[in-house]
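Undergrad: Next up is a structure, given as structure tokens.
Each value in this text was obtained by applying a stated rule to the coordinates, not by laboratory testing. Since the structure is predicted, the reported quantities are computational estimates derived from the model, not experimental observations. Reconstructed Cβ throughout: ideal geometry from the backbone, glycine too, with neighbour counts over all protein chains shown.
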Amino acid sequence: MTRTATAAQAERRASIALSAACRCLLDAVHRAPGDYPMGQEGDVLTVEFTVMGIPCIGLNGGPIFPHSEAFSFQVATDDQAETDRLWDAIIGNGGQASQCGRCKDRWGVSWQITPRALIAAISDPDPAAARRAFGAMMGMGMGMGKIDVAAIEAAR
């Protein structure tokens, strides 16, 4: 089970994750039954959700536990259309592009939108083909954009 420490918007964060990556479910929202040192009765404590078949728990860690790129959801995509759809859903809802095929949603949660073609290309049994594909990915991924499947395939 994947655990994520989130700020007070755990429920809203789960909602964007669920809406951005259509194969997701909000399973449960657990609220504080009483006041506590960093919050009040009714505040969201945890949110249980499923992302691409992976059960997750979003923990309301308050402001002392912000998100970082040390944790991200990696979503394997079948083609450029799926890559574009997921990337655009996250970016278009207040998110931003990051490096290496990553983007962040509007709450700072990192997503790696990774075409399966990229994984196949950089693990090609031909080391020269794998290096070329890796070089193409680094050329685009270190910039601020999503992975371009056609460029990876052309480099291979």
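Undergrad: At 0.36 nm per residue, minus the direct Cα-Cα distance, what do residue 124 and residue 97 gain on full extension? Give it in nm, one decimal, please.
TA: Contour length minus Cα-Cα distance gives 7.0 nm.
Undergrad: For 102, 132, 31, what ranking results if the residue with the fewest other Cβ atoms within 10 Å of its Cβ goes first?
TA: Starting with the residue having the fewest Cβ neighbours, the order is 31, 132, 102.
Undergrad: GluC sites (Glu not before Pro) within region 67-156: which are DSSP loop residues with at most 14 other Cβ atoms inside 10 Å? List each step's numbers first, then the result.
TA: Values: sites: 69, 82, 153; in loops: 69.
When the GluC sites (Glu not before Pro) of region 67-156 are filtered for loop state and at most 14 Cβ neighbours within 10 Å, 69 remain.
Undergrad: Indicate the gyration tensor shape class of region 67-156 (rounded, prolate or oblate), computed on the Cα atoms with a ≥ b ≥ c the square roots of the eigenvalues: a/c under 1.5 is rounded; otherwise a/b larger than b/c is prolate and the rest oblate.
TA: prolate
Undergrad: Kindly work out what percent of the DSSP beta bridges joining two residues of region 67-156 are antiparallel, to the nearest 5.
TA: Taking every DSSP beta bridge with both residues in region 67-156, the antiparallel ones total about 45 percent.
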